[in-house]
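Read the figures in this text as sums done on the coordinates, not as results from a lab. The shown structure was predicted, so the numbers you read here are calculated from the model rather than taken from an experiment. With ideal geometry, Cβ positions are generated from the backbone for all residues, glycine too; neighbour counts draw on all protein chains shown.
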Amino acid sequence: MPQTSVTILRGADTIGGSCVKIIHGEDSIVLDYGAPLMDSTGASIDADLASSPSMENGILLDIQQQDTRPPLAYLLSHAHPDHYGLLRSLPKSSNIYLSDSSYSMMTIGNLFYPEALRFSSLEQCRQFSPGKPFQVGPFTVTAFLMDHSAFGACSLLIEVDGKQVYYTGDFRGHGRKSQVSDYIYENVKQPDLMLLEGTTLDGGHSQQFPTEVSVEEAMVSALDEGDGPAFVSASGSNIDRIVSLYNATKRTGKKLVIDLYQLYLLEALKKYSPSLPPHKNDHLKVIFPQSQLAIIKSEFGDDFLRYSNRHVNLSKLKGTNYVFRLSPYAMTPTLTHLKKKGQNLNLSTLCG
């Protein structure tokens with residue numbers, strides 16, 4: 001009778017760098033293979049080590065662990081580097097599975113992200129749909145959507161030889177998909193082993209905004225109070241936060257300005273969540289950064305022209321009824337540009 005074992009290769013005592021191996025007889029699968037954020041003492045990983053991962057410097061893991069053959073597959077829970085960052089180090093023959101919506105998000109991200117954040121192994125990936133079981137050797141895998149800041153994040157139920165292992169991946173209960181917990185309770189009853197993400201179990205994190213809805217309400221209050229344009233620093237891949245911003249600007253009569261990366265990402269994800277912006281004749285406007293425009297022209301030709309009715313030219317911008325969603329690296333250049341053009345900026349700044 002083949003034996004089954006589960007080994008947490010990394011992530012039991014650190015945040016990030018998650019990696020779990022499940023072995024059944026001579027077959028194995030790996031859940032996540034992320035870039036670590038800290039070492040076992042809690043100290044931050046040196047940037048030079050992180051950029052040159054190896055077994056010798058402790059960044060790469062001994063995935064095979066003297067097994068007679070390599071893992072059948074690597075299953076990715078969600079598209080955050082601390083869960084997928086080391087997958088690029090795998091041989092090209094490796095099988096990588098991820099959710100269809102994570103695949104779409106990473107495909108767009110690969111066009112616009114800096115090289116260090118790109119997922120260079122997409123051509124090796126196979127997509128799965130949450131809720132639909134699939135087979136990997138003797139393992140039956142079922143993914144369940146989770147409430148997390150990464151769109152398409154999933155937990156993974158692994159069944160083998162009558163046993164169940166449930167891996168939650170990263171999750172929360174205060175976002176816009178908190179109701180998925182009820183679905184999981186109905187479909188994952190009593191697993192033999194549950195591996196639970198627990199970053200905030202110690203209660204040491206601030207709860208100034210207990211839910212994503214409270215974040216939206218705070219945005220409404222801040223936008224109502226300010227007379228000038230507002231600038232919001234938020235990750236473009238945090239779709240829940242973008243929805244909060246979209247709703248808040250609509251409620252306060254503001255125009256929301258995003259860039260081409262954000263627009264193309266939202267468009268790509270609408271097939272999974274049709275309620276996502278943009279919507280016809282809404283308050284969403286778009287800036288066309290030259291670097292992003294060059295990428296779009298290279299990949300899609302003149303496709304961007306269909307958004308010309310949404311285009312906002314920063315050099316000709318008038319009025320103060322605008323809210324800009326900017327990445328942190330774009331914040332200073334944008335403000336500097338507007339000041340040089342003579343914009344009178346009575347600024348409100350929100351951080352997401």
Item to complete: Can you tell me which of 127-140, 261-274 comes out highest on packing, and rank the rest after it, using the mean Cβ neighbours within 10 Å?
Response: 261-274, 127-140
Worksheet item: Using θ = phi - 60° and the Karplus form 6.51 cos²θ - 1.76 cosθ + 1.60, what ³J(HN,Hα) does each residue of region 124-136 get, whole Hz, x for Gly and Pro?
Response: 8, 8, 10, 9, 10, 9, x, x, 10, x, 9, 10, 10
Worksheet item: Using modelled amide H (1.01 Å from N, peptide plane; none on Pro or chain starts), what sits under 5 Å from the amide H of Asn95, excluding residues fewer than 5 places away?
Response: Tyr74
Worksheet, complete the sentence: By the Kirkwood definition, with r running over pairs of different Cα atoms, region 4-195 has a hydrodynamic radius in Å of 17.0 Å
Worksheet item: With charges set only on the Cβ (+1 for Lys and Arg, -1 for Asp and Glu), what does the dipole of region 212-351 come to about its Cα centre, in debye to the nearest 20?
Response: 520 debye
Worksheet entry | Ranked packing of 169-175, 112-118, most packed first, by mean Cβ within 10 Å | 169-175, 112-118
Item to complete: For Leu9, list long-range residues whose amide hydrogen, built 1.01 Å from N in the peptide plane, is under 5 Å from its own amide hydrogen.
Response: Cys19, Val20, Lys21
Worksheet entry | Under Karplus coefficients 6.51, -1.76 and 1.60, residue-wise ³J(HN,Hα) of region 312-324 in Hz, glycine/proline x | 10, 8, 4, 5, 10, 5, 10, x, 10, 7, 10, 10, 9
Discussion item. What's the magnitude of the charge dipole for region 4-195 around its Cα centre, counting Lys and Arg as +1 and Asp and Glu as -1 at the beta-carbon? Answer in Debye, nearest 20.
Written reply: 500 debye
Worksheet item: If the cut-off is 18 Å between C-alpha atoms, which aspartates and glutamates fall inside it for Lys280, apart from same-chain ones fewer than 8 positions away?
Response: Asp259, Glu267, Asp303
Discussion item. Counting pairwise Cα distances across region 71-110, what percent come out greater than 14 angstrom?
Written reply: 46 percent
Worksheet entry | Environment charge of Cys154, counting only residues whose C-beta is closer than 15 Å and scoring Lys/Arg +1, Asp/Glu -1 | -1
Worksheet, complete the sentence: Given the candidates Ala234, Thr14, Ser99, the one whose Cα lies deepest towards the positive end of the charge dipole of the chain, counting +1 at each Lys or Arg C-beta and -1 at each Asp or Glu C-beta, is Ala234
Fill in: Rg followed by Dmax, in Å, when region 212-351 is reduced to its Cα trace
14.6, 42
Discussion item. Counting other beta carbons within 10 Å of each residue's own, what order do His80, His279, His148 fall into, fewest first?
Written reply: His279, His80, His148
Worksheet item: Top mean-square fluctuation among Pro70, Pro277, Pro81, Gaussian network model of the chain, C-alpha springs under 10 Å?
Response: Pro70
Practice prompt. Divide by every residue of the chain the summed helix terms, -39500 (n - 2.57) for each DSSP H run of at least 4, and state the resulting mean residue ellipticity at 222 nm, rounded to the nearest 500 deg cm²/dmol.
Written response: -7500 deg cm²/dmol
Discussion item. Using the Cα centre of the chain as the reference point, and only Cβ charges (+1 on K/R, -1 on D/E), how large is the resulting charge dipole? Debye, rounded to the nearest 20.
Written reply: 1820 debye
Worksheet, complete the sentence: Given the candidates Ser327, His279, Ala294, the one whose Cα lies deepest towards the positive end of the charge dipole of region 212-351, counting +1 at each Lys or Arg C-beta and -1 at each Asp or Glu C-beta, is Ala294
Worksheet item: Looking only at Thr320, Thr332, Thr199, which one moves most when the chain is put into a Gaussian network model with springs between Cα atoms under 10 Å?
Response: Thr332
Discussion item. If every alpha-carbon in the chain counts as one equal scatterer, what log10 I(q)/I(0) does Debye give at q = 0.10 1/Å?
Written reply: -0.68
Item to complete: Taking each pair of different alpha-carbon atoms in region 92-136 once, compute 1/r for the pair, average those values, and report the inverse of that mean as the Kirkwood hydrodynamic radius in Å to one decimal.
Response: 11.4 Å
Discussion item. Compute the orientation-averaged projected area for region 21-95 from the convex hull of its Cα atoms and round it to one decimal in nm².
Written reply: 5.6 nm²
Item to complete: Please arrange Ser275, Ser235 by counting, for each residue, the other beta carbons lying within 10 Å of its beta carbon, fewest first.
Response: Ser275, Ser235
Fill in: Choice from Ile184, Ile96, Ile158 showing the highest fluctuation, given a GNM over the chain with Cα pairs closer than 10 Å
Ile184
